[in-house]
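Presented below is the structure to which this report refers.
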Amino acid sequence: MSKLNNAAFTGFLLCFVAIIFGIVTNGGVQAVFNLIHIPSFIVTFGGAIFATMMTSDSFVDFQEGLLSFGRAFQKQSVSVYELAEQIFSLSETGRKEGLLALEEESTKIEFDFLKKAITLVVDGSDPELVRDILESEMIHTEERNRKNVNFWQDMGSYGPAWGMLGTLLGLINMMKSMGSDVDSIGAGMSLALITTLYGSMLANWICIPIARKLEKCSNEELLIMEVCTEGVLSIQAGENTRIIREKIRSVIEMDAKEGEHT
């Protein structure tokens, strides 16, 4: 079961606090309520969400994208280092007692991908078939995660654009009312200015950070799956635990170096 990422959730809340602090210190508590404008909210958030829906392949993908919001605040159920130690333990068992002994050990494994890999090995599947199955699942996971990242990146780019559209609508209405209906000028200005604020908030407080966090979570998940694949195939080949340890260490270090250059 995934755990709450306290740093991500705290950062999200503190961004909101920073926004409220800026509003209150410039206009008092009443200024917060002055910035609640339903038409501006519908134009900006509704426009960005529906534009993102247009780019989705299906309603299922759109729903999956929305639900991925919660995943940005979750940690992986197991760390790559914990998983590596589990693989080393399985390697020792396999070398001492044989691959069939791993069947009992697999019942203690909580990470589904590793359990599936060990089950394939115990069933006597060909190593190439095991690799193909595991890599196919990795590709599917990467594609699913990429769709979710793109979902929030798209919404992050549409948010400010729809905020600007709302600004133009408000300015047009204000210009048409000047000299004839003075009372409507204030409403026009509210729509014109608040939509720009909403668009910037949507992009920089929600969408862009969520997309970046989902991308990091995806990279971590794929690293864990890669470590599982290499570790289990090495166990199946009967390699020494020391060799497996070096292989996994090189995979983790290579991923860390690639992360430094991105």
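Reported count of residues in the range 228-250, each being open to solvent by less than 20 Å² (accessible area, probe 1.4 Å) and over 19 Å from SER125 (Cα atoms), is 3.
Listed by first and then second residue, the pairs with beta-carbon distance under 6 Å, at least 6 apart or on different chains, first residue in the range 26-54 and modelled with pLDDT under 90, second among the hydrophobic types (A, V, I, L, M, F, W, C) and part of a helix (DSSP H, G or I), are ALA31/ILE23; VAL32/ILE23; HIS37/ILE194; PRO39/LEU191; SER40/LEU191; SER40/ILE194. Suppose we keep only residues that are modelled with pLDDT under 90 and hydrophobic (A, V, I, L, M, F, W, C) within the range 1-25. Which one would you say is surrounded by the most Cβ atoms within 10 Å (Cβ to Cβ)? By that ranking, first place goes to ILE23. The listed residues are THR262, THR229, and the only one of them that is under 25 Å from the mean Cα position of the chain (by Cα) and modelled with pLDDT under 80 turns out to be THR262. Among helices (runs of 4 or more DSSP H) entirely within the range 73-170, having at least 1 residues that are modelled with pLDDT of 90 or more, over 19 Å from the mean Cα position of the chain (by Cα) and at negative phi singles out 80-97, 112-122.
The values are calculated or read from the model by the stated rules, or taken from the named source; none is laboratory data. Please read all numbers here as calculations on a predicted model, not as lab measurements. Positions of Cβ are generated from backbone atoms using ideal geometry, with glycine treated the same way; all protein chains shown enter the neighbour counts. Keep in mind that these areas ignore ligands, DNA and RNA; they rest on the heavy atoms of the full protein, side chains included. Shrake-Rupley method; radii C 1.70, N 1.55, O 1.52, S 1.80 Å.
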